[in-house]
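Report on one structure; see the data block that follows.
Each reported figure results from applying straightforward, stated rules to the coordinates on display, with no laboratory input. Since this is a predicted model, take the numbers as computed values, not measurements. A quick note on method: Cβ atoms are made from the backbone with ideal geometry, for glycine too, and the neighbour counts reach across all protein chains shown.
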Amino acid sequence: MSTIDSVKMSDKTTLSHYGKIGMRWGHHTMSRGIQSQDAAKAARYSSRVKKSGVSSLSNDELKKLTTRIDLEKKYKTLNPSSIRKGQNVVNGVLATAGTITAVIALAKHPAVKAGFNALKAVAKATGK
């Protein structure tokens, strides 16, 4: 018999576990699902539209849903995430690199070389 087994615990000193199996320390499950009342209504309206179509909403409900969707879109465009900012920078760099590559390819094209040679010949003939 080990020492742990021989220790007698009274009813007042029992250890109980309150939580879910696999739950991590410091992770709160309740805070993730909190929505404002407007967001919850918009979610309900959009689920009704998906199930029954737009005709299932009244004019007022449809107006509230569209204004909520418009506000969310405007917020996303006015407050881009850091990933979106990085994507914009990379797109600008790639566009510049593409332009430079196109100019270099154009300069190496035989028709452009022939044009430069013709201009050089005209310049020599005129004495400039």
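For every other residue with a beta carbon closer than 14 angstrom to the beta carbon of A114, add +1 if it is Lys or Arg and -1 if Asp or Glu, then tell me the sum. Present the calculation step by step, with values, prior to reporting the outcome.
Numbers: positive: K108, K113, K120; negative: none.
Residues near A114 contribute +3 overall.
Hey, how much of the P(r) for region 82-128 falls beyond 14 Å, as a percent of Cα pairs? Display every interim value, and only then the final one.
Working: 731 of 1081 pairs.
Counting pairs separated by more than 14 Å, the tail of P(r) holds 68 percent.
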Worksheet item: What net charge is computed for the residues neighbouring T77, neighbours being all others with C-beta under 12 Å from the C-beta of T77, Lys and Arg scored +1, Asp and Glu -1?
Response: +2
Discussion item. Using a 7 Å offset from the Cα along the Cα-to-Cβ direction at both K74 and K51, what is the distance between the two label points in nm, to one decimal?
Written reply: 3.1 nm
Fill in: In Hz, Karplus ³J(HN,Hα) per residue of region 48-56 (6.51, -1.76, 1.60; θ = phi - 60°; x = Gly, Pro)
5, 5, 5, 7, 10, x, 5, 5, 7
Worksheet item: What trypsin sites (Lys or Arg not before Pro) in region 47-113 are in a loop by DSSP, with at most 14 other Cβ atoms within 10 Å of the Cβ?
Response: K108
Response to the item:
Note, region 90-104: 3J(HN,Hα) by Karplus (6.51, -1.76, 1.60, θ = phi - 60°), whole Hz, Gly/Pro = x, goes 5, 4, x, 5, 5, 5, 5, 5, x, 5, 4, 5, 5, 5, 5
